[in-house]
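Okay, so here's the structure we're looking at.
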Ligand code: GDP
C-alpha cells in the first residue's frame with residue numbers, strides 16, 4: 001500500500017449535465033482526496049496533445065473534438081493506491097461493460113461521452129498531472 005497521486009478529467013458530457021458534484025461525491029466515497037481542481041475549456045493543442053498516444057486510432061479526431069466541446073474539470077486525486085482505486089471507481093471504458101456503482105455505469109452516456117478520464121500508470125499519472133498543474137498548485 002502506498003499513497004499515490006493520479007490525474008482525473010471530468011469530461012464535457014458531465015459538465016453539460018451539471019453533475020460534477022455527483023462525480024466528486026463518488027471520488028470522495030472511494031477514499032480519494034481531490035487535492036487540486038480547475039475548470040477549463042481545452043484548446044485543440046491541449047486536447048490533441050493530451051490524447052496523442054491515441055493519434056493513430058480511428059476514434060482520435062472524434063475524441064479530440066468531444067474533449068473541446070465544452071468545459072472539463074481537471075483534477076489531482078490522492079490516496080492509497082490512487083491510480084488503481086480511481087480506475088476501479090471509474091468503471092470500464094465502455095459504460096455498457098462497467099460494474100454497477102461505478103461512475104461510468106451510473107453517469108456515462110456512451111464510449112465517447114464516458115464522463116471521466118483517469119491515469120492508468122505511475123508514469124502517465126506524473127506526466128498528466130504536469131500537463132495541467134504546476135507544483136505550486138498542489139497543496140495537498
Ligand atoms: P480510458 O483510460 O478508460 O479512458 O480509455 P483509453 O485511454 O483506452 O481511451 C481514451 C478515451 O478514448 C476513452 O475514454 C474513450 O472515450 C475513447 N475510446 C477508447 N476506445 C474507444 C473506442 O474503441 N471507440 C470510441 N469511439 N472511443 C474510444
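Read-outs: derived from the displayed coordinates by stated rules, not from any lab. This structure is a prediction, so every number in the text was calculated from the model and none was measured. Methodologically, a virtual Cβ is constructed for each residue, glycine included, from the backbone with ideal geometry; neighbour enumeration extends over all protein chains shown.
Below is a table of values for the structure above.
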{"item": "Mean Cα-pair separation over length for the chain, i.e. relative contact order, pairs under 8 Å, 6 or more apart, %", "result": "37 percent"}
{"item": "Efficiency of FRET from Cβ geometry, residue 137 and residue 3, R₀ 30 Å, rounded to 0.05", "result": "0.95"}
{"item": "Per-residue Cβ neighbour rank within 10 angstrom, fewest leading, 33, 104", "result": "33, 104"}
{"item": "The chain, helix-only ellipticity at 222 nm - DSSP H runs n ≥ 4, -39,500 (n - 2.57), divided by all residues, nearest 500", "result": "-10500 deg cm²/dmol"}
{"item": "The stretch 24-53 versus the stretch 94-135: alpha-carbon centroid distance in Å", "result": "8 Å"}
{"item": "Two-site FRET efficiency, residue 38 against residue 62, from Cβ-Cβ distance with R₀ of 22 Å, rounded to 0.05", "result": "0.30"}
{"item": "Cα shape, the chain, gyration tensor, a/c 1.5 rule", "result": "rounded"}
